[in-house]
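As structure tokens, the structure follows; a few thoughts come after it.
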Amino acid sequence: MNALKEEMTSFDIAALTPELNQTIKGTRIDNIYQINPTTLLLKLRQPSAQLIIEAGKRLHLTSYTLEKPEKPPAFCMALRKYLRNAEVKEVRQHEFERIIVIKLSAREGESQLISELFGEGNILLVSPENKILHALAYRRMRDRNILRGEVFQYPPSSGRNPLHLSRQGFSEIKNLGKLEIVRALTKFLSIGGLYSEEILLRAHVEKNIPCEALTEPETGRIFEQLQQLLSTIANGKVKPCIVINEQGEWVDVTSIPLEKYAQFKHKAYSSFNEALDEYYTEMTLKEKVVEVSKEVKQELARQQRVLESQQKALEDSRNKVEQNRKIGDAIYAHFNDLQFLLERIMNEKREGKPWNQIVANIEKENAARLTPAIHFHSLEPQRLILNVTVDDLTFPLSLHRSIQANAANYYEKAKKAQNKLEGVEKALQETQTKIEGLQQKEMKQVRKVAKPLPKRREKLWYEKFRWFHSSDGFLVIGGRDATTNEILIKKYTAPHDIVFHADIMGAPFVVIKTEGKPLIEKTITESAQFAASYSRAWREMMGTVNVYWVSPQQVNKSAPPGQSLRKGSFMIHGRKNYVRNVPLQVAIGVRMEEERPSIVGGPPDAIAKQTKIYVQMIPGKQKSSELAKQIRQLLVKKASKRIQKQILEIPLGEIQQFIPLGKGQIR
């Protein structure tokens with residue numbers, strides 16, 4: 001059984017960082033979330049992506065939807081202050097260590113987000129002056145301090161950097177004497193046991209050979225295989241895969257197939273990021289299952305101990321009930337004999353006979369098997385207790401009490417034991433119910449956490465614009481700002497499309513993608529309302545506005561002589577087709593896609609054609625952040641119970657993007 005991989009290796013990071021740098025370099029950070037005490041999620045835009053960083057463990061892009069806490073912790077809030085809208089300039093590995101540096105450009109200058117993926121790990125934000133602004137964990141250490149305001153220092157190198165190691169320098173490994181070569185490699189280069197074994201396998205060198213016993217050819221082969229591994233990764237010749245053992249369990253994720261795992265199955269992936277994402281998502285789910293199961297099992301064990309104690313108490317109570325009743329019955333069965341024996345002892349004592357003489361006389365008669373002395377067992381003068389044996393039962397009688405009182409005392413004890421027995425039986429039943437409940441709880445919680453995470457839906461090309469699908473199925477897209485206005489007209493408008501614009505300054509262009517199909521009047525009306533609602537008329541809280549439409553051939557950048565057009569602005573030539581007094585209204589709703597609710601927005605008639613779960617808005621002064629919460633709650637009320645929880649998990653940002661110009665009110 002192979003141990004499951006828990007954290008990324010230096011080789012993993014060397015393979016990941018070039019791929020990651022190519023993917024997210026130039027993108028901006030849209031938002032930051034702290035999923036748990038050690039894990040950050042960076043939401044990136046253009047291209048849309050999510051970067052997950054788990055201190056001491058992993059860093060990669062993730063395509064899964066992760067649950068975000070409603071209230072972000074202080075560290076997360078601090079990072080948001082500095083890094084929202086920051087541009088990713090570079091992603092690199094520090095030396096050959098398990099440290100990833102993300103270089104960022106923000107308002108304050110170029111900062112660094114540093115992820116330490118060794119030991120307990122850490123995530124640090126370092127200022128342009130190389131001072132620590134914030135850290136996930138602050139520490140004082142022998143070789144450096146992680147404290148706010150101090151100059152950031154990398155940890156001391158844990159071994160030689162293999163990227164800068166010469167053949168002659170590598171030969172110094174022989175100075176490690178009797179240390180086994182497999183251990184020496186991990187110490188000398190700090191590359192971990194897995195890759196130390198892999199290099200030796202490829203070099204055909206026994207891993208247990210002492211360093212001092214290495215021959216020159218062996219040393220040369222080890223160095224050569226090390227360089228080949230590094231070269232393969234550096235040249236991007238990766239073949240990412242997840243390693244699966246004989247039991248079908250995932251045991252590792254690697255950027256290249258390893259000889260160490262030659263006998264195992266391999267699941268190939270197109271990118272190392274994807275492989276890491278699948279592996280660590282699966283491992284995290286398994287860890288949650290173990291954690292949940294462990295917590296419940298601890299409580300189950302405690303309740304089992306309580307149950308065992310109660311079962312013992314139950315047995316004791318039953319024995320006491322039975323024993324005391326038997327004694328009471330035995331007393332009455334031999335009432336006369338026992339009364340005569342008790343009275344005889346007390347009478348002789350009153351006559352002044354010493355206890356030892358009384359006992360001696362009775363024992364003599366007992367030996368002769370005379371009645372009632374035959375029932376005598378012993379006498380405790382100090383306590384005035386007579387111990388008798390009747391019907392194989394030996395029990396004490398109080399010389400202070402009559403035989404009736406002694407019998408009554410035993411029946412009373414039996415009654416008390418019976419009452420206690422009933423209480424113990426009730427408590428035992430309650431404990432058994434708790435145990436059954438805990439077992440069911442464990443099954444439910446395990447099923448809940450073991451449920452695969454939903455994949456994050458990949459955004460379609462048109463979702464970087466404003467968009468909706470008309471009642472007749474046409475895709476309608478509009479600009480969000482000057483840049484997307486420019487891109488929309490220049491890149492995404494075909495000759496047979498229709499272009500709309502509200503008859504007011506500060507309005508986006510809106511395009512119906514006709515795909516050559518004849519237009520229906522309903523789509524024209526809805527597109528006009530879309531153009532009107534997302535124009536400046538909404539901010540000015542106008543009730544209606546005129547909208548016109550033209551063909552793409554009437555839209556160009558040819559400004560009058562001596563004038564120039566700003567980005568996002570175009571000249572309209574020729575006749576305009578007007579749609580008069582268009583009402584400003586928007587609907588935001590929920591549509592099911594692949595068993596997951598998705599937010600849609602646009603003209604009310606178009607949205608009503610797609611879903612019954614929607615809310616209508618008109619111009620107003622309520623901020624989008626507050627409005628989005630209100631809309632989400634209203635959508636939940638209109639939805640079936642089956643999907644209510646899923647709707648509550650939809651980020652408010654997905655609703656806010658459909659609220660025109662950041663303000664409005666519920667109609």
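The values are calculated or read from the model by the stated rules, or taken from the named source; none is laboratory data. This one's a predicted model, so the numbers in the text were calculated from it and none came from an experiment. Note: ideal-geometry Cβ built from the backbone for every residue, glycine included; neighbour counts use all protein chains shown. Just the protein is used for accessible areas: all its heavy atoms, side chains included, with ligands, DNA and RNA removed. Shrake-Rupley method; radii C 1.70, N 1.55, O 1.52, S 1.80 Å.
Counting heavy atoms of the protein chains only and a 1.4 Å probe, report the per residue accessible area for the chain as a whole number of Å².
Working: 34370 Å² over 667 residues.
Per residue, the chain has 52 Å² of solvent-accessible surface.
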Checklist entry - Within segment 424-440, whose backbone N sits under 19 Å from a point 7 Å along Cα→Cβ of Gln304? => result 428-440
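Could you tell me the calculated FRET efficiency between Leu230 and Asn556, based on Cβ-Cβ distance and R0 = 60 angstrom, to the nearest 0.05?
Numbers: r = 54 Å, r/R0 = 0.91.
My answer for the efficiency is 0.65.
Over the chain, what is the mean sequence separation of C-alpha contacts under 8 Å (at least six apart), divided by residue count, expressed as relative contact order in percent? Present the calculation step by step, with values, prior to reporting the outcome.
On the way: 1124 pairs, mean separation 49.1, N = 667.
With pairs under 8 Å counted, the relative contact order is 7 percent.
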Checklist entry - On a 0 to 90 degree scale, rounded to 10, what angle separates helix 355-367 from the longest Cα axis of the chain? => result 90
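Which links in Lys68/Lys288; Lys459/Lys522; Lys68/Lys629 stretch past 22 Å when you go from one Cα to the other?
Details: Lys68/Lys288 16 Å; Lys459/Lys522 27 Å; Lys68/Lys629 16 Å.
Flagged as over cut-off: Lys459/Lys522.
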Checklist entry - In degrees between 0 and 90, to the nearest 10, how far off the longest principal axis of the chain does helix 521-533 point, with axes built from Cα atoms? => result 80
Item to check | FRET efficiency, Ser625 to His164 (Cβ-Cβ, R0 56 Å, nearest 0.05) | outcome: 0.65
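If R0 is 25 Å, what FRET efficiency do you get for Lys415 and Ala333 from their C-beta distance, rounded to 0.05? Numbers along the way, then the final one.
Working: r = 20 Å, r/R0 = 0.78.
Using R0 = 25 Å, I get an efficiency of 0.80.
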Checklist entry - Once both axes come from the Cα atoms, what is the angle between helix 482-491 and the longest principal axis of the chain, in degrees from 0 to 90, rounded to 10? => result 70
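For Asp605 and Leu179, compute 0.36 nm times the residue count separating them, minus their Cα-Cα distance, and round to one decimal in nm.
Values: separation 426, 0.36 × 426 = 153.36 nm, distance 7.72 nm.
The span from Asp605 to Leu179 would gain 145.6 nm if fully extended.
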Checklist entry - Can you give the Rg and Dmax of segment 495-642 based on its C-alpha atoms, in angstrom? => result 17.6, 63
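Take every DSSP beta bridge whose two residues both sit in segment 399-555, then give the antiparallel share in percent to the nearest 5. List each step's numbers first, then the result.
Values: 15 of 15 bridges.
Close to 100 percent.
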Checklist entry - Placing +1 at every Lys and Arg Cβ and -1 at every Asp and Glu Cβ, with all other atoms neutral, what dipole size does the chain have around its Cα centre, in debye to the nearest 20? => result 2820
Checklist entry - Under 18 Å from a point 7 Å along the Cα-to-Cβ line of Asn577: which residues of segment 517-544 have their amide N that close? => result 517-532
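Which loop GluC sites (Glu not before Pro) in segment 452-559, with loop taken from DSSP, have no more than 15 other Cβ atoms within 10 angstrom of their Cβ? Provide the component values of the computation, followed by the final result.
Values: sites: Glu458, Glu463, Glu486, Glu515, Glu521, Glu526, Glu540; in loops: Glu458, Glu515, Glu540.
Listed in order of number, the matching sites are Glu458, Glu515, Glu540.
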Item to check | Dipole moment magnitude, nearest 20 debye, segment 167-314 about Cα centre, only Lys, Arg, Asp, Glu C-beta charged | outcome: 260
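Report the local net charge at Val586: Lys and Arg +1, Asp and Glu -1, summed over other residues whose C-beta lies under 14 Å from its C-beta. Can you show the working numbers first?
Values: positive: Arg466, Arg539, Lys663, Arg667; negative: Glu526, Asp605.
Summing Lys/Arg as +1 and Asp/Glu as -1 gives +2.
Counting pairs of Cα atoms in segment 75-180, how many percent are more than 21 Å apart?
Tail of the P(r) past 21 Å holds 44 percent of the pairs.
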Item to check | 20 °C / 1.002 mPa s Stokes-Einstein diffusion coefficient of the chain, Kirkwood radius on C-alpha pairs, µm²/s | outcome: 65
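For Lys612 and Asp143 in one chain, what is 0.36 nm times their gap in residues minus the Cα-Cα distance, to one decimal in nm?
Values: separation 469, 0.36 × 469 = 168.84 nm, distance 6.28 nm.
Between Lys612 and Asp143, full extension yields an extra 162.6 nm.
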Item to check | Simple spin-label estimate for Glu343 and Gln357 in nanometres, 7 Å along Cα-Cβ | outcome: 2.2
Checklist entry - Fully extended, how many nm does the chain gain between Glu212 and Glu322 (0.36 nm per residue separation, minus their Cα-Cα distance)? => result 31.6 nm
Item to check | Net charge contributed by nearby residues that have their C-beta within less than 11 Å of Pro604 (K/R +1, D/E -1) | outcome: 0
Checklist outcome for this item: Compactness summary of segment 538-597: radius of gyration and Dmax from Cα atoms, Å, are 17.9, 56
Checklist entry - Accessible surface of Tyr578 in the full protein assembly, 1.4 angstrom probe, to the nearest 10 Å²? => result 80
